[in-house]
Amino acid sequence: MMNRRLFVQGLSAATLAAKSMTSIAAMDVADPAAPAPVRLGIIGPGSRGKELIRNFLRVPGVTIVAAADVYAPRFQELNQLCGYAVASHSDYRALVDRKDLDAIVVATPLSFHAEHVIAALESGRHVYGEKTMAFTVAEVNDVVKKVDAGKQIFQVGHQYRYAPWIRSAIDYVQRGEIGDVTHIYGYWHRNNDWRRPVPDPSLERLINWRLYNEYSLGLLAELGSHHIDIANWVFGETAQAAYATGSIAVYHDGRENDDNVQAVLSYSKGRRFVFSSLTDNAEVGNQLWIYGTKGSLNLTLEDAEFFYEPKRASQLPSKPGEKVKAITAGASYRPAGEMPYRGAGKRLDIPVTEDPTTTACRAFIECIRTGQKPVADARVGMRSAVSVITANQALSARRELEVPAPI
Amino acid sequence: MPRLIQTLRAAAILAAFSLSATGSGITQEKPLALFHDVHRAMGSEFSIDLYAPNQETADRWMQLSFEEVDRIEALLSNYQPTSELSRISREAGTHPVTTDPETFDFLQTALSWSSRSDGAFDITVGPLMRAWGFFFNHGRIPTEEELLALKKQTGWSNIHLDASTRTVSFINHSSMELDPGGIGKGYAVDRVVALLRQQHVSAALISAGSSTIYAISAPPGSQGWPVNIADPAHTGRTLSTILLVDTSLSTSACTEKFFIKDGHRYCHILDPHTMHPVENMLQTTVVAPSATDSDALSTATFVMGPDASARLLQSCPQTEAVIVSGTPDSPRYRAIHWPYPLHETKKKREY
């Protein structure tokens, strides 16, 4: 049976889909009638920031009190989203100095993550910081040290750690469902030039920050960081070395970052994570393949499917006086020659599927209320970030680089 | 074949005329060109025709618009288990579900139409749609026992909204399947319109699979966007031509989503009271200032029939409708505040 319980530290099992619907209801907040109010501030309510706020508004007892952004039109957009006026600041320091916030969400461009997260932590608030955790290894370490030095909750935006089907599938993998995992292939292919519409040319670098090296680590950070986090999770460690390559193959529009990236991360025992991101072809979409000696797991934004390698001859245990006969069990699949297998796999049956961002946001508020540590904590963020940063450096240096050991 | 034929030729000709006129040298504004783009979402093809000064601006407006449509689909789709509406469907039977203001407002609008239409409009019909096979488009006839059992899992009055906490609860303590099919496309169109107005688009026609259309202003030099209402009883014939300007038009009909069993056509629009597909209705067309409202009303009036629809629409300002009931052989046409002539086809003679 695939109905197993998953207990994860810091996250009430209620938010995990491995549980049935009734038990989720039963395990909801301690007092659903009057949950402890949580007042949020947000630094950087841009497109991702607004999506986070939308999800925080789906948690009982949460109010959005203040926002900080250098781009004024965001404030009206946020007010519309919330249905009420949110106090606005053009300087994040003024928001951090407020006395009426319990937690701060940081969703600014990557180059500012560490500065904003650390300022928010120094103010004594709990912090939800978007991934990739920080822009340089030194900044990553600074964030970790700051979190360790305090008692606040810090949760990093690796929301796939909260996806019920991913949690359940990886639990099966860790229990040996596909044997020893040797390779993970992560794809994030889109057909989209990544460029956001800009009302005025002067706003190009502000709104399209993802395309410029001053603010962004490109596709590896924006997309690869999620898959790298899943690889770290499955392999149980940080990568040891990174190699990457990239180019601008299609969008010759003045951008500084590559429009396609390929990376290989090396883990212990010869294990590898391979990452590919294209922006001119969406056939493959967003998916991961986890390859083990006994089978494969395909993970997508909605589901998890297992495939099994053809079985080998197995030896039966011998009884005294009985002849031992080797049998060959029927194969789960046996493609003709070396053709790819194109049939169905075994879909993981998950009773509850929820948008992982919704789960992650709710989990953050639950951790604030209960004091439990989040699943996606600073060290989860660190392990992904150092690989992203190193892979990006390797891309520029055109050689494999060692990933600094986590502190 | 499309139920509505958008005649843009007239608009294009007028646009070309106005463009060539500005070429004569006396021009203060940049000439606008007509751009067209399409995008699949919500099981339909959304299309936008808009006037823009150049390709780059048009692309930018189209991108913003279609991203918004995708966002609404991800919010409301009952085909996506990760949507917010699916989450509410699953959980509100066991505990009050806090939701975001947008979803809450949407549900308030849906329930308001249920109340005003005495339940003819009802977003809880999801399980009925499945029972009749419309969810997977296979078509089947459920037994009366099956339908009776589903009664406990349906009914708009089971939805309780608490505005002070922004929570949704199902007072029948059952999971329900909220199906936004009769109102969701209208809502998406309204959101696109709001976005395009913010961008100061001068004129546009937004269509959600042609079942809900909104006209922003009018094409340059014309009185409105021309829309032909098809005669559902006679393929290829136009029942009425309307010029839309700053308003929406929605249509409900049986011509595209139905199944036939034993020679009988079963329509995808269900009567929530009888739990059976609506009979003896061919098409409803409603014009109203909000696309959300015209979408819900085209659904509600299809269920209610001409007389009850006329009573309901009395209380709806700036709302007009054409209700076609009966059968293709014997259609009946009812105009409700409809400002344009109806070209009714006479009843077929029996020889």
Interchain or sequence-distant (5+) residues whose placed amide H lies within less than 5 Å of the amide H of residue A:295 are A:309
Tilt, helix B:9-22 to longest principal axis of chain B (alpha-carbon atoms), in degrees rounded to tens, equals 30 degrees
Here the relative contact order (percent) of chain A, from C-alpha pairs under 8 Å and at least 6 apart, is 21 percent
Going residue by residue through the stretch B:227-232, the Karplus relation 6.51 cos²θ - 1.76 cosθ + 1.60 with θ = phi - 60° gives ³J(HN,Hα) values, rounded to whole Hz and with x marking Gly or Pro, of 10, 9, 8, 6, 8, x
Here, the stretch A:88-161 modelled as identical Cα point scatterers in vacuum has Debye log10 I(q)/I(0) at q = 0.19, 0.24, 0.28 Å⁻¹ of -0.72, -1.13, -1.44
In degrees, nearest 10, the alpha-carbon axis of helix A:47-56 is tilted away from the dominant principal axis of the alpha carbons of chain A by 80 degrees
Eigenvalues of the alpha-carbon gyration tensor of chain A, times 5 and square-rooted, give semi-axes in Å, largest first, of 39, 27, 19
The stretch B:223-351, Kirkwood Rh and Cα Rg, ratio Rg/Rh at 0.96
Classified through the alpha carbon gyration tensor (a ≥ b ≥ c as square roots of its eigenvalues; rounded if a/c is under 1.5, else prolate when a/b is larger than b/c, else oblate), chain B comes out oblate
Relative contact order in percent for the stretch B:110-202 (Cα pairs under 8 Å, 6+ apart) equals 28 percent
With all protein chains present and a 1.4 Å probe, the order of B:79, B:266, A:212, A:185 from largest accessible area down is B:79, A:185, B:266, A:212
In this structure, the FRET efficiency calculated for residue B:264 and residue B:67 from their beta-carbon separation, with R0 = 41 Å, to the nearest 0.05, is 0.45
Here the residues of the stretch B:67-95 lying in the modelled label zone of residue B:37, meaning backbone nitrogen under 11 Å from a point 7 Å along Cα-to-Cβ, are B:67-68
Residue-normalised 222 nm signal for the protein assembly as shown, counting each DSSP H run of n ≥ 4 as -39,500 (n - 2.57), nearest 500 deg cm²/dmol, is -9000 deg cm²/dmol
Honestly the stretch B:185-269 on the Cα gyration tensor test (a ≥ b ≥ c root eigenvalues; a/c under 1.5 rounded, otherwise a/b vs b/c for prolate or oblate) is just oblate
Expressed as a whole number, the average count of other chain Cβ atoms within 10 Å around the Cβ atoms of B:308-315 is 0
Helix A:137-149 sits off the longest principal axis of the Cα atoms of chain A, rounded to the nearest 10 on a 0 to 90 degree scale, by 80 degrees
For the stretch A:346-407, shape from the Cα gyration tensor axes a ≥ b ≥ c, cut at a/c of 1.5 then a/b versus b/c, turns out oblate
The rounded separation in angstrom of the Cα centers of the stretch B:187-243 and the stretch B:258-284 is 27 Å
The B/A contact buries a total accessible area, at probe radius 1.4 Å and rounded to the nearest 100 Å², of 2000 Å²
Of all DSSP beta bridges having both residues in chain A, the percent classed as antiparallel (nearest 5) is 60 percent
The Rg/Rh figure for the stretch B:56-175, Cα atoms and Kirkwood Rh, to two decimals is 1.04
GNM on chain B, Cα springs under 10 Å; top mean-square fluctuation among B:329, B:179, B:70 goes to B:329
Descending packing, highest mean Cβ count within 10 Å first, for A:106-119, A:151-164, B:230-243 is A:151-164, A:106-119, B:230-243
Sorted largest first, the Cα spans of the stretch B:298-343 on the principal axes come out in Å as 33, 24, 15
Largest-first semi-axes in Å of the equivalent ellipsoid built from the Cα gyration tensor of the stretch B:193-234 are 24, 14, 5
Shape descriptors of the protein assembly as shown over alpha-carbon atoms, Rg and Dmax in angstrom, are 28.8, 108
Descending packing, highest mean Cβ count within 10 Å first, for B:217-226, B:137-146 is B:217-226, B:137-146
Rounded to the nearest 10 Å², the 1.4 Å probe accessible area of residue B:267 is 0 Å²
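The values are calculated or read from the model by the stated rules, or taken from the named source; none is laboratory data. As the structure is a prediction and not an experimental result, all values here were calculated from the model. When we count neighbours, we look across all protein chains shown, and the Cβ atoms used for this are built from the backbone with ideal geometry, even at glycine. The protein model used for the area step is the full one, side chains on, heavy atoms only, and it has no ligands, DNA or RNA in it. Shrake-Rupley method; radii C 1.70, N 1.55, O 1.52, S 1.80 Å.
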